[in-house]
1. Restricting attention to the range 168-180, report how many residues are open to solvent by 20 Å² or more (accessible area, probe 1.4 Å) and either touching a residue at least 40 places away in the same chain (Cβ under 8 Å) or touching an Asp or Glu at 6+ places or on another chain (Cβ under 9 Å) (or both).
2. Can you find a residue in the range 51-64 that is modelled with pLDDT under 95 and either within 16 Å of ligand 2 (Cβ to nearest atom) or more than 21 Å from Trp218 (Cβ to Cβ) (or both)?
3. Sort out which residues of the range 183-198 are among the basic types (Lys, Arg) and crowded, with 17+ Cβ neighbours inside 10 Å, and write them in order of number.
4. Of the numbered conditions (1) more than 13 Å from Ile219 (Cα to Cα); (2) in a helix (DSSP H, G or I); (3) not aliphatic (A, V, I, L, M), Asp181 fails exactly one; give the number of that condition.
5. Between Ser137, Ser205, Ser156, Ser130, which is under 17 Å from Pro56 (Cα atoms), polar (S, T, N, Q) and in a loop (DSSP other than H, G, I, E, B)?
6. What residue, of Ser105, Ser78, Ser92, Ser100, is open to solvent by less than 60 Å² (accessible area, probe 1.4 Å), hydroxyl-bearing (Ser, Thr, Tyr) and more than 22 Å from Leu36 (Cβ to Cβ)?
7. Within the range 199-215, how many residues turn out to be buried (at least 16 other Cβ atoms within 10 Å of the Cβ) and more than 16 Å from ligand 1 (Cβ to nearest atom)?
8. Looking only at residues in the range 147-163 that are under 16 Å from Ile189 (Cβ atoms) and surrounded by fewer than 16 Cβ atoms within 10 Å (Cβ to Cβ), which one is farthest from ligand 2 (Cβ to nearest atom)?
Amino acid sequence: MKKIASTYIFLSLFLTGCNYSMLKESSDERAAKFGLPGDKISELSYSMINHRIFFPRCVACHGAGTNVNLETYAGVVSNLALIKKAIFQDMSMPKQGSLSVEELSYLWNWINLGAPEQAQNGNLSPAPESILPTYDSINTHVFMSSCKDCHNPNGSGKRILFDKESLLNSPLELIIPGNPDESGLVIAIERMDDKRMPPGKEGYSQLKDEDKLAIRKWIENGAKD
Ligand code: HEC
Ligand code: HEC
């Protein structure tokens with residue numbers, strides 16, 4: 001009788017989509033693996049999780065207008081059960097690569113707290129080191145730090161300046177709102193030949209994926225903010 005019952009439990013777990021490693025692991029073990037110290041727990045907010053996980057790791061495929069929109073708090077909250085299932089049960093997301101244990105811990109604990117928008121310590125502001133798809137954030141994180149050496153009125157790249165006015169009105173069509181693929185700025189930072197910006201031959205490494213994605217998103221959203 002006992003054997004039948006455990007077979008039944010095994011089968012029902014199996015049929016509800018749990019995979020093998022989930023069956024091996026008790027929820028205590030999982031809690032231990034994803035444990036965070038109290039001060040980290042009190043920092044968990046939507047903007048922190050968005051900056052660390054949804055924006056860099058999911059939004060390229062899950063933007064506004066897709067079935068699972070992870071670009072806004074409302075979108076994330078309405079898909080919470082699916083997210084939990086896709087990440088912790090099916091382990092099918094993100095589609096490319098996987099989340100680190102640290103990222104999983106943040107996400108796991110945030111979801112278990114009820115996916116709060118605001119952190120327990122009252123901090124709503126985004127982690128300062130992360131880039132957002134807005135002109136100001138891109139200016140601080142990219143133009144001022146990686147482009148201004150040459151793209152200033154006295155530099156070798158003076159024909160192209162990155163104050164908002166010049167950038168949006170450039171005759172080189174650096175920004176075509178809604179169309180990142182054909183925007184000169186995106187082409188310049190994504191191309192892989194010796195015309196890539198910032199220039200490899202001058203010893204500059206290419207922009208981080210996160211920075212490229214923020215620029216793409218900003219243009220896709222109309223280059224307004
Ligand atoms: C490279 C593209 C890509 C990335 C990156 C990506 N996804 Fe997905 N995701 C998809 C596609 C495509 C689907 C559609 C259905 C499928 O193939 O499972 C999907 C489906 C989903 C679903 C719905 C699953 C279901 O059972 O209906 C969720 C939830 C999800 N993704 C969450 C995430 C989260 C969270 C991240 C980031 C940690 C992420 N995805 C990153 C492409 C991606
Ligand atoms: C080491 C100097 C240097 C740095 C750093 C640099 N650029 Fe340039 N960039 C140039 C020069 C020189 C040109 C050519 C200017 C011209 O045609 O008058 C140029 C041209 C461009 C163009 C126009 C490309 C075209 O096809 O006409 C874009 C867009 C551009 N840069 C973007 C950037 C961005 C974005 C960054 C920072 C992420 C950056 N550059 C960093 C030197 C630099």
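The values are calculated or read from the model by the stated rules, or taken from the named source; none is laboratory data. Every value quoted in this text rests on a predicted model; they were computed, and no experiment measured them. Note: ideal-geometry Cβ built from the backbone for every residue, glycine included; neighbour counts use all protein chains shown. To get the accessible areas, we keep the full protein, side chains included, count just its heavy atoms, and leave off ligands, DNA and RNA. Shrake-Rupley method; radii C 1.70, N 1.55, O 1.52, S 1.80 Å.
1. 6
2. Scanning the range 51-64 turns up no residue that is modelled with pLDDT under 95 and either within 16 Å of ligand 2 (Cβ to nearest atom) or more than 21 Å from Trp218 (Cβ to Cβ) (or both).
3. Answer for the range 183-198, where residues must be among the basic types (Lys, Arg) and crowded, with 17+ Cβ neighbours inside 10 Å: just Arg196.
4. For Asp181, the exception is condition (1).
5. Ser130
6. Ser92
7. The number of residues fulfilling the criteria is 4.
8. Lys148
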